[in-house]
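To start, the structure itself, in structure tokens.
The values are calculated or read from the model by the stated rules, or taken from the named source; none is laboratory data. In this text, all values refer to a predicted model and were calculated from it rather than measured experimentally. Methodologically, a virtual Cβ is constructed for each residue, glycine included, from the backbone with ideal geometry; neighbour enumeration extends over all protein chains shown. Please note that ligands, DNA and RNA were not included when accessible areas were found on the heavy atoms of the full protein model with its side chains. Shrake-Rupley method; radii C 1.70, N 1.55, O 1.52, S 1.80 Å.
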Amino acid sequence: MAWMNRLWNLIRYRELDRGLDEELRFHLEARIADNVKAGMSPADARDDALRRFGNSTLAKEMTRDTDLFPSLETLGRDLRYAFRSLRKTPGFTVVAILVLALGIGANTAVFAIVNSVLLRPLPFPDPGRLFLISFEPRESSLLMGPSMADFDYLEFQQHQRQFESIATYGQEQVTLTGAGEPVRVGAAQVTPDFLHVLRMNPALGRGFLADEGADGRNNVVLVSDKLWRDRFAASPGVIGRTVTLDGIRHTVIGVLPAAFTFPSSADLWTPMEVRLGHNSWTRPVIGRLKPGVSPQQAQAAFRALSAALPMYPNAHRSDYEAGIYRLHDIIAAKVRMSLLVFTGAVAFVLLIACANVANLLLIRAASRRHEIAVRAALGAGRWRLIRQLLSESLLISIAGGAAGVLLAIAIVPPLVALAPAGNIPRADEIGLDAWVLAFAFGLSVITGLVFGLAPAIQATRRDLRQPLSEGSRTATGNRQAMRNTLVIAEVALALVLLTGAGLLLKSLRRIQSVDPGFRPQNVLAATVDLPDSSYATAAKMRAFHQSALAKLASLPGVEAAGAVNWMPLGQGFVRGDFQMDGGYHRPRGFDVVKPVISPNYFRAMSIRLLNGRAFSEHDNGSAPGVVVVSESVARTLWPGANPLGKRISMEDEPKAGDWLTVIGVVDDIRQKQLTDKPSPAIYQPYLQVNQPFFLSHMTFVVRTPLNPAALAPSIRALIRQIDTDQPVQSIATMGDVIAGITAEPRFLTQVMGAFSLMAVLLSAIGLYGVLAFSIAERTREIGIRMAMGASSGTVVGMVLRRTMLLAGAGVVLGAAGALAVTRVLRTFLFEVTSTDPTTFLAVAAFLLTIALLAALLPARRAYAVDPLVALRYE
């Protein structure tokens with residue numbers, strides 16, 4: 001192969017020379033002819049032409065220099081020389097590549113997630129014109145995402161002119177039977193033009209017809225590709241097959257494409273019709289802008305239209321906010337801030353890696369200054385030397401980038417798996433595609449130029465004649481200053497990252513130490529949703545719950561079994577107002593959570609009874625109505641008085657039989673989030689509740705001294721014994737429920753902690769490298785000091801003082817930077833300020849300790865210097 005390349009080069013150069021000779025000869029003869037015409041003799045004409053053209057050999061050389069091939073060949077020679085040079089120092093090369101692999105790999109992994117979640121368009125045609133439309137009260141706007149009440153949706157649908165079409169949808173869980181074992185799956189109820197708005201067609205079968213949302217024609221269903229494969233074995237015969245959803249038969253009419261995952265929790269889609277008489281629901285509304293209509297125009301038109309829409313009775317138009325929001329932005333909104341924090345963190349890691357490798361290159365250049373001086377003395381220009389050094393740094397960075405891509409391939413799957421379920425949208429699309437690889441390559445090239453340019457300029461800046469005559473290896477002040485500056489920068493960047501991780505860790509510890517008001521250990525929770533088709537009345541639902549509670553209590557190892565319709569720290573709850581008897585008035589704005597529970601619920605959850613008694617089996621429909629209130633309700637409604645015997649009502653205009661007597665007071669618990677304040681609550685016994693809405697969704701809880709997870713199969717079988725078509729929606733220990741609540745802050749802390757420790761490791765390597773080279777560079781000086789009476793302890797102190805000086809400067813600079821940067825973490829912190837002094841002090845102490853550990857080996861080498869050997873070193 002080598003001889004073929006040489007032959008090709010020889011042929012190409014000969015062809016180029018022949019072409020140049022012919023061109024020069026043509027111009028020379030033309031000049032001679034012009035001179036002869038002007039009256040010169042042939043000899044004088046030739047001499048004049050040669051004099052005007054000058055050195056023909058130089059002209060050919062200048063022409064060759066403008067040719068692309070020689071430039072590429074020069075680059076090839078530089079790279080080959082750089083490869084041979086790096087191969088001679090394998091230790092330096094491997095360390096530099098590994099350091100860059102960490103920085104580039106971490107950035108590539110995070111970019112792969114950012115690209116899929118934030119940058120990649122949604123898998124719909126022309127997704128940039130899809131918007132969510134919202135008309136909500138200002139105080140609750142966007143708390144549950146952009147949405148619109150059905151009443152407003154119908155008015156807007158009738159009068160709007162900016163959108164091609166709009167649709168609304170809701171999400172729920174349904175019980176699927178007739179396709180294997182009964183199972184709870186996510187379902188979306190959508191208006192028939194839902195797929196038309198998204199411009200999506202089923203991969204198999206058909207979509208909804210315009211009238212299929214009406215009663216009697218809405219018993220059709222579309223299924224996801226995943227459900228089709230899992231439950232129907234990917235059979236084309238699924239079209240026309242009948243399945244049962246919550247006890248109602250539906251016909252499968254289509255299978256949606258694999259890329260269609262909207263809403264993300266849905267595996268089934270059924271049609272619905274929004275009617276004027278049903279205006280109590282608030283749902284998301286999606287629309288596709290017409291061509292030529294800008295989002296700003298649509299926003300202005302919507303606000304003008306909303307000002308003319310009819311309002312609910314007692315509703316004030318000024319309290320409502322009208323707006324449109326890009327669908328892609330809303331889908332990514334929950335995780336956007338976390339990804340931006342991760343992006344900033346890995347950028348810091350890469351900067352530290354670049355500073356580290358730049359320091360290594362400075363050290364390497366210092367050891368090669370004799371070589372560089374010789375090449376300069378032989379005629380190499382400064383740009384030629386810089387280009388050669390840049391070739392080496394580019395080779396290192398590209399190799400580091402290749403290793404970083406391999407690292408990213410290994411990092412991305414566990415990083416996504418570590419995230420809380422459902423926290424990262426479009427998680428199944430995350431991977432390394434062409435854009436990610438291009439990002440990694442571009443980052444590698446930019447990185448090579450960034451960390452290679454400054455050392456190359458520094459290495460070629462000084463008088464290159466000095467190294468040919470100097471006998472000392474002592475570094476110049478400029479080189480030491482640059483190395484020290486880079487180390488200080490590394491420590492400062494590491495401290496910023498470590499401070500952020502420390503704040504998140506402290507916040508997580510605070511969240512985990514919150515008392516939820518109950519004892520979650522050894523408790524198993526199983527949730528069941530009863531469909532209206534099979535359980536149309538409250539009496540049927542109560543009968544199911546009584547049977548389930550009796551069977552649960554009889555299971556071996558169960559100490560107590562209870563039930564609650566909305567369990568603490570679960571997916572939802574009912575909150576509202578109430579009325580007080582005896583001339584008392586509820587404080588303005590004081591709302592309560594309204595759980596419906598069974599006897600023994602407080603015992604199963606270990607919620608303390610502070611006063612009175614709990615519910616019993618005698619508190620049924622034939623007994624007087626009773627309630628148990630939480631401590632904050634008793635304190636707020638009847639301060640300083642005994643609440644027992646007081647009466648309240650859940651009705652707006654209570655009749656004589658609607659009053660409920662307070663029989664007990666229990667501890668407050670945290671109903672929604674651990675980070676929320678305890679929720680005031682009024683508990684009702686499920687045996688006295690007659691509204692099916694409060695009984696259809698029930699969570700059974702059992703306390704056992706054994707491993708609660710071991711009871712899960714028995715509970716599933718028990719529910720199936722009561723109703724063979726009724727699956728358990730979810731089953732988990734309360735410990736797992738709380739772990740799910742803390743999953744997001746824990747994930748953020750873990751990832752930030754990993755990046756911070758990576759930064760600390762790189763900073764320690766950088767500090768160690770500078771100190772070790774400094775000791776090697778000053779061996780003769782140390783030998784002279786020791787020969788003149790300096791003790792080994794003095795020499796070690798010199799090393800440690802320099803370490804503390806560099807690390808201390810980095811800590812001070814990093815602390816100033818952390819005070820500014822950690823403000824972005826405020827939204828992620830709980831009971832911790834972004835300027836928490838204990839965290840700053842702990843992080844500073846930790847980094848100084850790491851710096852001392854990094855200095856131990858260089859200090860030991862300085863301690864072991866033999867003066868006689870050092871003086872013979874030169």
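Say we look at the range 142-183 and pick out the residues that are of a type outside the set (A, V, I, L, M, F, W, C), in contact with an Asp or Glu (Cβ under 7 Å, 6 or more places away or on another chain) and closer than 27 Å to residue 238 by Cα; which of these is surrounded by the fewest Cβ atoms within 10 Å (Cβ to Cβ)?
Step by step, filter the range 142-183, then rank; the result is 173.
Of the numbered conditions (1) open to solvent by 70 Å² or more (accessible area, probe 1.4 Å); (2) touching a residue at least 60 places away in the same chain (Cβ under 8 Å), residue 679 satisfies every one except a single condition; which is it?
(1)
Kindly indicate which of 635, 588, 603 is assigned to a loop (DSSP other than H, G, I, E, B), open to solvent by 60 Å² or more (accessible area, probe 1.4 Å) and either closer than 21 Å to residue 678 by Cα or among the hydroxyl-bearing types (Ser, Thr, Tyr) (or both).
588
Just to be sure before I move on: is residue 514 modelled with pLDDT under 95 and over 30 Å from residue 631 (Cα atoms) in the structure I sent?
No: the conditions fail for residue 514.
Please go through (1) open to solvent by 30 Å² or more (accessible area, probe 1.4 Å); (2) closer than 20 Å to residue 685 by Cβ; (3) at pLDDT 90 or above for residue 579 and return the number of the only condition it doesn't satisfy.
Of everything listed in (1) open to solvent by 30 Å² or more (accessible area, probe 1.4 Å); (2) closer than 20 Å to residue 685 by Cβ; (3) at pLDDT 90 or above, residue 579 misses just condition (3).
Identify all residues within the range 116-141 that are out of contact with any His (no Cβ under 9 Å at 6 or more places or on another chain), open to solvent by 20 Å² or more (accessible area, probe 1.4 Å), modelled with pLDDT of 90 or more and not in a loop (DSSP other than H, G, I, E, B); write none if there are none.
129
For the range 645-669, name all the residues that are crowded, with 16+ Cβ neighbours inside 10 Å and in contact with a helix residue (DSSP H, G or I) (Cβ under 9 Å, 6 or more places away or on another chain).
646, 648, 649, 650, 660, 662, 664, 665, 666, 667, 668, 669
List every residue pair whose Cβ atoms sit under 8 Å apart, with the two residues 6 or more apart in sequence or on different chains, where the first one lies in the range 418-437 and is touching a residue at least 12 places away in the same chain (Cβ under 8 Å) and the second, anywhere, is of a type in the set (D, E, K, R) and part of a helix (DSSP H, G or I).
Once the first residue is touching a residue at least 12 places away in the same chain (Cβ under 8 Å) and sits in the range 418-437, its partners that are of a type in the set (D, E, K, R) and part of a helix (DSSP H, G or I) give 420/744; 423/334; 423/744; 425/334.
Which condition breaks for residue 673 when tested against (1) at pLDDT below 90; (2) under 26 Å from residue 543 (Cα atoms)?
Failing condition for residue 673: (2).
Kindly evaluate residue 569 against the criterion of being surrounded by 21 or more Cβ atoms within 10 Å (Cβ to Cβ), modelled with pLDDT under 90, farther than 24 Å from residue 644 by Cα and not small (Gly, Ala, Ser).
Yes: the conditions hold for residue 569.
Return yes when residue 702 is more than 35 Å from the chain's Cα centre (by Cα), touching a residue at least 60 places away in the same chain (Cβ under 8 Å), under 26 Å from residue 514 (Cβ atoms) and crowded, with 22+ Cβ neighbours inside 10 Å and no when it is not.
Taking the combined requirement at face value, the residue satisfies it.
Going through the range 232-273 one residue at a time, which ones are in contact with a Leu (Cβ under 8 Å, 6 or more places away or on another chain), closer than 14 Å to residue 207 by Cα and open to solvent by 20 Å² or more (accessible area, probe 1.4 Å)?
Residue satisfying the conditions is 239 alone.
Given (1) modelled with pLDDT of 90 or more; (2) out of contact with any strand residue (DSSP E or B) (no Cβ under 7 Å at 6 or more places or on another chain); (3) among the acidic types (Asp, Glu), where does residue 193 come up short, assuming only one miss?
The single condition residue 193 does not satisfy is (2).
Which residues, counting only those in the range 682-699, are of a type outside the set (S, T, N, Q) and either open to solvent by 20 Å² or more (accessible area, probe 1.4 Å) or more than 15 Å from residue 568 (Cα to Cα) (or both)?
Correct list: 685, 686, 687, 689, 692, 693, 694, 695, 697.
Which of the numbered conditions does residue 118 fail, given that it passes all the others? Conditions: (1) more than 30 Å from the chain's Cα centre (by Cα); (2) in contact (Cβ under 8 Å) with a residue 40 or more places away in the chain.
Every listed condition holds for residue 118 apart from (1).
Here is a list: 724, 742. Which entry is surrounded by 17 or more Cβ atoms within 10 Å (Cβ to Cβ) and either in contact (Cβ under 8 Å) with a residue 40 or more places away in the chain or not basic (Lys, Arg) (or both)?
742
Identify all residues within the range 429-444 that are surrounded by 14 or more Cβ atoms within 10 Å (Cβ to Cβ) and part of a helix (DSSP H, G or I); write none if there are none.
429, 435, 436, 437, 439, 440, 441, 443, 444
Anything in the range 522-541 that is without any contact (Cβ under 8 Å) to a residue 24 or more places away in the chain and of a type outside the set (Gly, Ala, Ser)? List them, or say none.
The answer is 540, and nothing else.
Checking residue 554 against (1) open to solvent by 20 Å² or more (accessible area, probe 1.4 Å); (2) in contact (Cβ under 8 Å) with a residue 12 or more places away in the chain; (3) more than 21 Å from residue 697 (Cα to Cα), which test does it fail?
Evaluating residue 554 over (1) open to solvent by 20 Å² or more (accessible area, probe 1.4 Å); (2) in contact (Cβ under 8 Å) with a residue 12 or more places away in the chain; (3) more than 21 Å from residue 697 (Cα to Cα) leaves (2) as the failure.
Scan the range 677-698 residue by residue and report those that are within 16 Å of residue 593 (Cα to Cα), outside any loop (DSSP other than H, G, I, E, B) and in contact with a strand residue (DSSP E or B) (Cβ under 9 Å, 6 or more places away or on another chain).
Those that are within 16 Å of residue 593 (Cα to Cα), outside any loop (DSSP other than H, G, I, E, B) and in contact with a strand residue (DSSP E or B) (Cβ under 9 Å, 6 or more places away or on another chain): 679, 681, 682, 683, 684, 685, 686, 694, 697, 698.
If residue 203 passes every condition in (1) farther than 20 Å from residue 725 by Cα; (2) among the hydrophobic types (A, V, I, L, M, F, W, C); (3) touching a His at 6+ places or on another chain (Cβ under 8 Å) but one, which one does it miss?
Of everything listed in (1) farther than 20 Å from residue 725 by Cα; (2) among the hydrophobic types (A, V, I, L, M, F, W, C); (3) touching a His at 6+ places or on another chain (Cβ under 8 Å), residue 203 misses just condition (3).
Taking only the range 751-798 into account, find how many residues are modelled with pLDDT under 85, aliphatic (A, V, I, L, M) and open to solvent by 40 Å² or more (accessible area, probe 1.4 Å).
4
Could you list all residues from the range 192-222 that are among the polar types (S, T, N, Q) and either in contact with an Asp or Glu (Cβ under 7 Å, 6 or more places away or on another chain) or part of a strand (DSSP E or B) (or both)?
Matches in the range 192-222: 218 only.
Say whether the condition of being closer than 30 Å to residue 503 by Cβ, open to solvent by 20 Å² or more (accessible area, probe 1.4 Å), in a helix (DSSP H, G or I) and at pLDDT 85 or above is met by at least one residue in the range 855-862.
no
Would the range 726-748 turn up any residue that is modelled with pLDDT of 90 or more, outside any helix (DSSP H, G or I) and among the basic types (Lys, Arg)?
No, there is no match, as no residue in the range 726-748 is modelled with pLDDT of 90 or more, outside any helix (DSSP H, G or I) and among the basic types (Lys, Arg).
Across the range 248-272, what is the number of residues that are in a loop (DSSP other than H, G, I, E, B) and either at pLDDT below 90 or among the hydrophobic types (A, V, I, L, M, F, W, C) (or both)?
11
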